[in-house]
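To start, the structure itself, in structure tokens.
The values are calculated or read from the model by the stated rules, or taken from the named source; none is laboratory data. Since the structure is predicted, the reported quantities are computational estimates derived from the model, not experimental observations. Please note: Cβ atoms are built from the backbone with ideal geometry, for glycine as well, and neighbour counts cover all protein chains shown.
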Amino acid sequence: MSFQLRGLRLPDDYAAVAELLNEHLAEPTSAERLEADDKKLYEVGHTWKNEQGLLMGYDRSRCVAVTEEDDIIGFVWPWRAPWTEPGYVCLNLVVSRPYKGRGVGAALLRHAYEWGRSLGASALLTEVWDDDEDSLRFAVRRGFLVERQSFQSLLTLRDAVTVDDACNPHEALRAGGLRFFSLADEPGEETERRLYELSTATMRDIPGFLGDVPDFTQWKKWYLHVDGFTPELVLIAADGDRFVGLANVIHIAATNGMYHEYTCVDREYRGRGIALALKQQTIRNGKSRGADYIRTDNDSLNEPMLGINRKLGYVPLRGNYRIIATMEKLEEAMGGLEED
């Protein structure tokens, strides 16, 4: 089969790339969302090496594979964010299902490898669905190793246990001096900054989190100014003026679903049922909005949160393997990259 690689042509390619991504994503995207996300990003990258000689900074490259008719059949996006762990380049690579096994993935991976090597990266990092044996086999043949696993879980809201049906810690927590409210109740930058401080402090406790945390401006872009963000769905637990718990859920209009982006509790306040109380309220909010489901993702080692999800009736779905290949391993395998 004849194909070639070329750079993105924007905005013309957004629709085709969104259609391709939707063959693989758990939740759908759109041309409009891709364009909106692009507007949040830097136009010119800036990278450097730290004292240990590891790649730092941010940059990106995007490339598509096209047929002779210029139909997009593959997409690769190697990138670094300011908070990506030192030395690494992250990678998103998708190939349309009818064109797998024809060398498209190998060509796109070669592009990502050469781009990362030009920056001085030490490794490529990506994810693959844990039930996608062909893609995992493709990656392992090229030097990728599984580092860890995360799981999706889904709660069908029509079958969900309501707050009144389950052990409800709200009243005891309120009696103990905590208050519960939403971002819509107390909007503004002061509230957002407190949420940022709580979120970034607890990110470091997530199993497998090795990178840096975003600054306040970047955090707002990627956690608050996202498609489906609703202040009423950002739930907060506070002890006086101290924010001690957060649950942020976004609404996905295309599927009438909700995605639970992040739940966290201040280290000093864990074990009191705050996370359970917040997640119970997300169920109540979802039911009141008529949503069909809530979906979330958790690291396989985050047993406390997995336990809460099981208690609330979340059902495990397929998960993701986080896989890593050093540039040396990829270089050794370059001879095998000609075959998909």
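One residue is enough: does the range 132-154 have a residue meeting the conditions part of a loop (DSSP other than H, G, I, E, B) and surrounded by fewer than 17 Cβ atoms within 10 Å (Cβ to Cβ)? So far as the range 132-154 goes, yes, one or more of its residues are part of a loop (DSSP other than H, G, I, E, B) and surrounded by fewer than 17 Cβ atoms within 10 Å (Cβ to Cβ).
Here is a yes/no grid of residues against (1) among the β-branched types (Val, Ile, Thr); (2) more than 30 Å from Glu19 (Cβ to Cβ):
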{"position": "Val244", "(1), (2)": "yes, yes"}
{"position": "Ala254", "(1), (2)": "no, no"}
{"position": "Arg270", "(1), (2)": "no, yes"}
{"position": "Gln280", "(1), (2)": "no, yes"}
{"position": "Val315", "(1), (2)": "yes, no"}
{"position": "Arg322", "(1), (2)": "no, no"}
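In this structure, Arg318 qualifies as at pLDDT 90 or above and outside any helix (DSSP H, G or I).
Residue by residue, here is whether (1) touching a helix residue (DSSP H, G or I) at 6+ places or on another chain (Cβ under 6 Å); (2) basic (Lys, Arg); (3) at pLDDT below 95 holds:
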| residue | (1), (2), (3) |
| --- | --- |
| Thr67 | no, no, no |
| Ile72 | yes, no, no |
| Trp79 | no, no, no |
| Gly87 | no, no, no |
| Gly101 | no, no, yes |
| Trp115 | no, no, no |
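Looking across the range 164-176 at every residue that is surrounded by fewer than 18 Cβ atoms within 10 Å (Cβ to Cβ) and in a loop (DSSP other than H, G, I, E, B), the one that is modelled with the highest pLDDT is identified as Gly176.
The listed residues are Ser96, Ser2, Ser61, and the only one of them that is exposed (fewer than 15 other Cβ atoms within 10 Å of the Cβ) and of a type in the set (Ser, Thr, Tyr) turns out to be Ser2. For the residues Thr326, Thr282, Thr255, the requirement of being free of Cβ contacts under 8 Å to residues at least 60 places away in the same chain and within 29 Å of Cys90 (Cβ to Cβ) singles out Thr282.
Taking (1) in contact with a helix residue (DSSP H, G or I) (Cβ under 6 Å, 6 or more places away or on another chain); (2) loosely packed, with under 12 Cβ neighbours inside 10 Å in turn, Glu43 satisfies each apart from (1). Residues of the range 106-128 that are in a helix (DSSP H, G or I), crowded, with 18+ Cβ neighbours inside 10 Å and of a type in the set (Gly, Ala, Ser): Ala106, Ala107, Ala112, Gly116. Restricting to the range 261-299, what's the tally of residues that are more than 13 Å from Leu312 (Cα to Cα) and of a type in the set (S, T, N, Q)? So the answer is 4. Counting only strands (runs of 3 or more DSSP E) that sit wholly inside the range 177-291, those with at least 1 residues that are crowded, with 16+ Cβ neighbours inside 10 Å, within 22 Å of the chain's Cα centre (by Cα) and not acidic (Asp, Glu) are 234-239, 242-252, 257-265.
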